1. Holding the Cα-Cα limit at 22 Å, pick out from K254/K279; K59/K254; K110/K254; K66/K91; K57/K91 the pairs that are longer than that.
2. Could you please state, rounded to a whole Å, how far the C-alpha centre of segment 22-44 is from the C-alpha centre of segment 150-185?
3. If I build a Gaussian network model for the chain, linking alpha-carbon pairs within less than 10 angstrom, which residue out of A19, A280, A172 has the largest mean-square fluctuation?
4. Roll a 1.4 angstrom probe over the protein heavy atoms and tell me the percent of accessible area of segment 22-116 that is carbon or sulfur.
5. Using Cα positions and a limit of under 19 Å, work out the lysines in reach of K150, with same-chain residues fewer than 8 apart set aside.
6. Using unit Cβ charges (K, R positive; D, E negative) and no other charged atoms, how large, in debye to the nearest 20, is the dipole of segment 36-148 about its Cα centre?
7. Of M218, M241, M274, which has the largest mean-square fluctuation in a 10 Å C-alpha GNM of the chain?
8. Could you tell me which of rounded, prolate or oblate describes segment 1-106, using a ≥ b ≥ c as the square roots of the eigenvalues of the alpha-carbon gyration tensor, with rounded for a/c under 1.5 and, failing that, prolate when a/b is larger than b/c and oblate otherwise?
Amino acid sequence: MIFEGSAAAVVTPMAENGAIDFEAMGKLLEFQLENGTDAIVVNGTTGESSTLQDEEKYKLIEFTVKRVHGRVPVIAGAGSNNTAHAVELSKKAQELGADGLLEVTPYYNKTSQKGLIAHFTAVADSVSIPVILYHVPSRTGMTMEPETCKVLSQHPNIQAVKEAGGNISHVARIASLCGEDLDIYSGNDDQTVPVLSLGGKGVISVLANIMPRETHEMCRLFLNGQEKESLKLQLDLLDLMNALFLDVNPVPVKAALSLMGICGENYRLPLIRMSAADKAKLTETMKRHSLI
């Protein structure tokens with residue numbers, strides 16, 4: 001198992017000119033580690049990976065691995081819709097010390113289910129560290145069927161799937177087909193407990209950027225048999241989970257981190273700051289949870 005519990009899909013802090021703010025990145029990582037995060041995911045969707053150059057991705061992985069220093073696993077986003085590029089990114093991430101890889105389904109050009117098997121097999125064959133498949137059809141336009149997960153789960157390096165499709169029936173089908181051969185992580189904070197109830201191992205979380213301890217605790221409670229307490233925490237935090245999606249991720253969570261004084265509210269185009277009205281809603285929700 002790569003990790004159990006809550007992995008923070010961390011933002012990439014940026015200066016006003018768009019350069020990566022490594023000082024703020026270090027601050028964010030320490031905040032995570034001090035508050036019980038079980039793993040760190042860098043260069044994911046929340047990290048604005050689509051506008052990071054390859055060399056920037058490598059610097060972020062290297063920085064994160066060194067700062068975390070083995071305290072929790074570091075999982076690097078290394079996906080691409082170009083299989084050769086995904087292989088290149090994955091091999092470099094392993095070389096830089098990543099403990100695992102997050103590999104998204106090909107986007108825009110997409111492929112067939114057989115193509116998905118060929119794509120992920122090529123990536124997994126190129127490395128010796130664990131691979132997490134990333135299913136997020138709302139962003140990629142590509143559905144990965146449970147039967148495809150079953151085939152891929154037989155590869156020794158493919159150990160898990162991040163399920164961000166929002167379809168609990170789909171997750172149940174994966175769990176039924178794959179059993180212990182494929183760990184399942186929720187890719188949606190608001191479905192953490194439902195996915196855990198189907199045998200999931202945790203969540204790869206946006207919420208954990210600002211509430212790492214609570215997200216960790218939600219998973220820990222459930223995994224320790226305290227399902228009612230875990231569910232209560234899930235429902236208590238639901239308004240904040242929803243507020244973090246008032247705009248396109250990671251716009252709201254970066255705004256939230258800015259309000260907490262952890263990093264600046266800076267993005268790369270085409271992402272822009274959220275509207276004043278939405279930020280006011282986010283601010284009020286954060287105040288209700290004593291975050292600011």
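The values are calculated or read from the model by the stated rules, or taken from the named source; none is laboratory data. No experiment lies behind these values; they were computed from the predicted model shown. Methodologically, a virtual Cβ is constructed for each residue, glycine included, from the backbone with ideal geometry; neighbour enumeration extends over all protein chains shown. For accessibility, only protein heavy atoms count, side chains too; no ligands or nucleic acids. Shrake-Rupley method; radii C 1.70, N 1.55, O 1.52, S 1.80 Å.
1. Numbers: K254/K279 11 Å; K59/K254 20 Å; K110/K254 29 Å; K66/K91 18 Å; K57/K91 13 Å.
Pairs exceeding 22 Å: K110/K254.
2. 26
3. Highest fluctuation among the options: A280.
4. 48
5. K114, K162, K201
6. Values: 10 positive and 13 negative charges, 25 e Å.
In total the dipole reaches around 120 debye.
7. M274
8. Details: a/c = 1.72, a/b = 1.16, b/c = 1.48.
In terms of gyration-tensor shape, oblate.
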